[in-house]
1. Quickly work out the Lys305-to-Leu38 label distance, labels modelled 7 Å from Cα along the C-beta direction, and quote it in nm with one decimal.
2. Applying the Karplus parametrisation 6.51 cos²θ - 1.76 cosθ + 1.60 with θ = phi - 60° to the phi angles of segment 188-203, what ³J(HN,Hα) value in whole Hz is obtained for each residue in order, glycine and proline being reported as x?
3. Given contacts defined as C-alpha pairs under 8 Å and at least six residues apart, what's the relative contact order of segment 136-247, whole-number percent?
4. Give me the count of lysine pairs in segment 125-248 whose alpha carbons sit under 20 angstrom apart, restricted to pairs 8 or more positions apart or on different chains.
5. Which of the helices in the chain meet the span-like rule: DSSP H, Cα axial reach of 24 Å or more, Kyte-Doolittle mean at least -0.5?
6. Quick one: compute the contact order of segment 17-96, relative version, from alpha carbon pairs under 8 angstrom and 6+ residues apart, as a percent.
7. What order do you get for 71-79, 179-187 when each peptide is scored by the mean count of other beta carbon atoms within 10 Å, highest first?
8. Kirkwood hydrodynamic radius, segment 188-255, all distinct C-alpha pairs: what's the number in Å?
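Derivation of every value follows stated rules applied to the coordinates shown; laboratory data play no part. All values reported here derive from a predicted model rather than from experimental measurement. Using ideal geometry, Cβ is built from the backbone for each residue, glycine included, and neighbour counts are taken over all protein chains shown.
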Amino acid sequence: MKPLKSIAILLLCFSTLSTIAQPKKHVVIGYVGGYRGLIDTSLVNAKKLTHINYAFVNVKDNRAWLTNIRTDTTNFKNLLKLKKVNPDLKILISIGGWAWSKNFSDAVVSDTSRNAFAASAVEIIRKYNLDGVDIDWEYPDNIGDGNVYRPEDKQNYTLMFKAIRKELDKLEDETGKKLFLTAAVGGFKRFTQTTEMDKVAKYLNYINLMTYDYFQDSLGIAVHHTNLYASKKYNTLDYAAKAVADFEAAGVPAKKLVMGMAFYGRSSRVIDTAANGLGIKTDGKMRAGGFTFIKDSLVSNKSFKYYRDNDAAAPYLFNSSTRQFISYEDEWSIKNKCDYVSKMKLAGVMFWEYSDDKKEYLLNEINRDLK
């Protein structure tokens, strides 16, 4: 019996060590847009996500505000049902966004307003039994979409997260449930210069880098909008790997950084057909659409030709007849980003926005690469 007992103990030890040695699961955070109205949650594949960030909650009268309360509350109820499919799924409210960041600066300008704003945000979590708060302030000390802004935003941004974390901690003590605090941040160095990201990071579980919507309007040229690396075909000002380096240099640990991915394209009309449009002067915007549309309707369209910029790890389409240039993500660029996330030991990936790829071509690629 003793040899068998020894073997059993060894097997138990090996099993325990194997469990401990398992690598931490990468997060896969999907932004789901409720600002349009009711969400068809039957199309949301909960098994392929770790977190859903519900976009958006407004900032009004110095409070977190459900502008579309009828549809928002129905959406919360339906999103919570997804936990039956994936009990580990976390559902957060995302406050702000491009259109609803106008009032952040006023809402957090003083101790009194900050504490009231923090309490209002966490009250939504309490009321609807959600899992946390994501702040998408676009951008502190920057005009954004016509925002109120002031130099004090730099410090107040930090103090805002401190106040929200304090309220979340109180709710955690009451419920025994772990609650998350995250931020969506500009994927460029300027964001680190108007914030105190080393201090902010201490209050956050994850920092979602919006490594997309890269424009070079000052030059007026067609560029990649969500490239991993710099292109050699034009003077690249911003790209995802640079954003990671900039935020790490600002004091953010790699383990809290989440790489952003665009599930939609950006398109311009260029002035001539040289260089297949890339790096060429533009004379107007054009429609691109979400990835499912791009893959099913444009990549297969003989009017468009598919190209890869291997230096930038970014694909693009060009229609020489209409001079339409389209920058977007595909399975190839997603794999490159996922490989980078693993190599750099980042927390994981996030994407905007779920409904742009209803057939889940890109989400499936993420799950293959980060399984």
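1. Result for the modelled spin labels: 4.7 nm.
2. After applying 6.51 cos²θ - 1.76 cosθ + 1.60, I find 8, 4, 4, 4, 6, 7, 10, 9, 10, 5, 5, 6, 4, 4, 5, 9 Hz.
3. Numbers: 145 pairs, mean separation 26.6, N = 112.
RCO, segment 136-247: 24 percent.
4. 27
5. Values: long enough: 2-21 (28 Å, 1.41); 111-128 (26 Å, -0.21); 153-175 (32 Å, -1.23).
Helices passing the filter in the chain: 2-21, 111-128.
6. Details: 105 pairs, mean separation 28.6, N = 80.
Contact order relative to length: 36 percent.
7. Working: 71-79: 17.3, 179-187: 24.6.
Final packing ranking: 179-187, 71-79.
8. Values: mean 1/r = 0.0775 Å⁻¹.
It is 12.9 Å.
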